[in-house]
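One structure is given here, and the rest of the page talks about it.
The values are calculated or read from the model by the stated rules, or taken from the named source; none is laboratory data. Here the structure is a predicted model, which means the values were calculated and not measured. When we count neighbours, we look across all protein chains shown, and the Cβ atoms used for this are built from the backbone with ideal geometry, even at glycine. To get the accessible areas, we keep the full protein, side chains included, count just its heavy atoms, and leave off ligands, DNA and RNA. Shrake-Rupley method; radii C 1.70, N 1.55, O 1.52, S 1.80 Å.
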Amino acid sequence: MHQNPCIFLILFLVFASCASSPKAASPNEDGSPGFGLLPLGARVYLWADVKEGRPLLDALSFQGLDGKDARDVLDRTGTAAAAFYPEQAAQRFFLAGWGSYPSTRAGISMAFSRDWKHAKSETGKKFWFSKGWGLGVAMGSKLALATDKDPFAPGGAASPEGFEEFRRACVFAGWMPEPGEALNRFLQAMEIPIKIPAEEFFFGAARAGGTVSGAPPGGDEKWELAARIRTPSPSQAKALVTLFAMARMFIGNASGSEASGGVLPLLFANIPVQDGADLSLRSGVLDTKEIALLFNSFSVYSSK
């Protein structure tokens, strides 16, 4: 029987072009991702409900990564996690997404592209790497991994106590394991005369009023920022409440700074709530542009 050689060519390309498919735990039952995929040692860890937080994610950038540049991937992603590492670390970032991905089609596309080459992980698994983009990718039908190094590098990160509870009201949240220097550098750039002895820092964005199902029409999304700061002791937390109250009195002098964009009064709209050594803060209502400006400013100043 006559065989069409094109069939064999297509089958060969499908099998030859596909790198090893990443397999890992699905998002947890409560909807949060498995942070264990992310390698240890990051400066900041992030989580996002991509569907609910999409307008905000499109406006954000972090260490040169822009949400608008990843539209095709975000369209197919339900939940995402990310880690960003210090300048002296071996890698800059690690991204993980859970969704529905065209892994076979993507593999064939990369096989025909001169920009992508097969690389081999230390684990023995194959992945795609682009030297020009500085990007390593491993994609399965439900899980996609991307990093500037090895996407199959050992994970091991775990969210700290209290983070899962904190981020449940948010569409986007993160934590910094050692936030002191970065947080105070940001406050200084924003002309806020406060130094915070922070041992741990959670931050997140929620839809104003607690709405978590769909965006309002017209692109007029409204958000609230939330943060939780862990200090060395209850007495230091109490002292910071007083400092925040004083800062609110003088916030007018800083609200016109270039970094703040005039939104500092909203950022300091509420007095922090103390719970032992922890401080919980909540902003006033901000639009997408305002909250993206604050976050992007934090990204710039905290990474210096």
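Summed over the range 147-165, the residues that are open to solvent by 20 Å² or more (accessible area, probe 1.4 Å) and in contact (Cβ under 8 Å) with a residue 24 or more places away in the chain give a count of 13.
Residue count for the range 275-292 satisfying the condition of being assigned to a strand (DSSP E or B) and touching a residue at least 40 places away in the same chain (Cβ under 8 Å): 10. Which one of these is open to solvent by 20 Å² or more (accessible area, probe 1.4 Å), within 14 Å of residue 286 (Cα to Cα), modelled with pLDDT under 90 and assigned to a loop (DSSP other than H, G, I, E, B): 269, 215? Of the residues listed, the single one that is open to solvent by 20 Å² or more (accessible area, probe 1.4 Å), within 14 Å of residue 286 (Cα to Cα), modelled with pLDDT under 90 and assigned to a loop (DSSP other than H, G, I, E, B) is 269. The condition of being modelled with pLDDT under 85, closer than 27 Å to residue 179 by Cα and buried (at least 20 other Cβ atoms within 10 Å of the Cβ) holds for only one of 37, 60, 65, that being 60.
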